[in-house]
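Below: the structure, in structure tokens.
None of the figures in this text is laboratory data; all of them are computed from the coordinates on show. Owing to the predicted nature of the structure, the values given are computational and were not obtained by experimental measurement. Note: ideal-geometry Cβ built from the backbone for every residue, glycine included; neighbour counts use all protein chains shown.
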Amino acid sequence: MATEQAAAIGTASPRGGTGQVRLESRWPPVVALLVFVTLNVSLRLWLPNESAIRLRWLLPAVEVVLLVVLLTATPARAARRAPWMRGVAVALVLALVVAALWATGLLIYDLIKGIGVTESPTQLLATGGLVWLGNNISFALLYWLMDSGGPTARARHPEPVDFAFTQHMSPELASPGWRPVFLDYLHLGFTTATAFSPTDVMPLTLRAKYATMLQSTVALALFGLIVARAVNAFA
């Protein structure tokens, strides 16, 4: 157990008084960020002058710094510096969310004005898909850090605070001591963006409700404009 890797901003809680800890793997958020960084860099190399974000390397830079935070935190460091690590992670994820929303706003502006990548159906769909993916991953990370105070707090107090998952409302469906991990919040981010509302997860607090409302509104605007423009361009 001592050699097991923990999430960058939190380890886990003691169980049964044995001194053992249950650690949440940091690799799911790391892999999600790596995939997104790779796609971001690839798009910027393909379209060096037509990026939805005018500061083309801002978003990859924030993602790389967040990756460093996730990869360099060991369980011992996370236990000693949990408040500091959480503050850094929250700041980076908020920057990621703001950058993703900035990219969305600029793409919507380009769609309305009919400039940039909006003139090419292929470039429009590629850019729109990447912006949509970036919003989903950014909000998933935000939900992961926000809910119940983050992974460390959830490990100690698994009761729902911001989001009630199906396993919370029907405990017989979950194993003892179940708590949501990053992949649960990634699913929440994608379902919120595709159904334009949470599906099997209930937002409980005002911050959870308004965060999902913001993501739903952005996704709806992005989908509507991109589909309309793409259909018009292909016609």
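What is the calculated FRET efficiency for residue 71 to residue 113, with r their C-beta to C-beta distance and R₀ = 41 Å, to the nearest 0.05?
0.55
For chymotrypsin sites (Phe, Trp or Tyr not before Pro), the sites in the stretch 164-235 that DSSP calls loop and that have at most 14 other Cβ atoms within 10 Å are 178. Here the calculated FRET efficiency for residue 175 and residue 42, from their Cβ-Cβ distance with R0 = 30 Å, stands at 0.15, rounded to the nearest 0.05. Taking label points 7 Å from Cα along the Cα-to-Cβ direction, residue 98 and residue 213 give a separation of 2.2 nm. Amide H contacts of residue 163: 148, 204, each under 5 Å away and 5 or more positions distant or on a separate chain (H built 1.01 Å from N in the peptide plane; Pro and chain starts excluded). Take the Cα of residue 35, step 7 Å toward its Cβ, do the same at residue 106, and the gap between the two points is 2.4 nm.
Counting 0.36 nm for each residue step from residue 153 to residue 206 and taking away their Cα separation leaves a gain of 17.2 nm. Simple spin-label estimate for residue 91 and residue 61 gives 1.5 nm between the two label positions (7 Å along the Cα-to-Cβ direction from each Cα).
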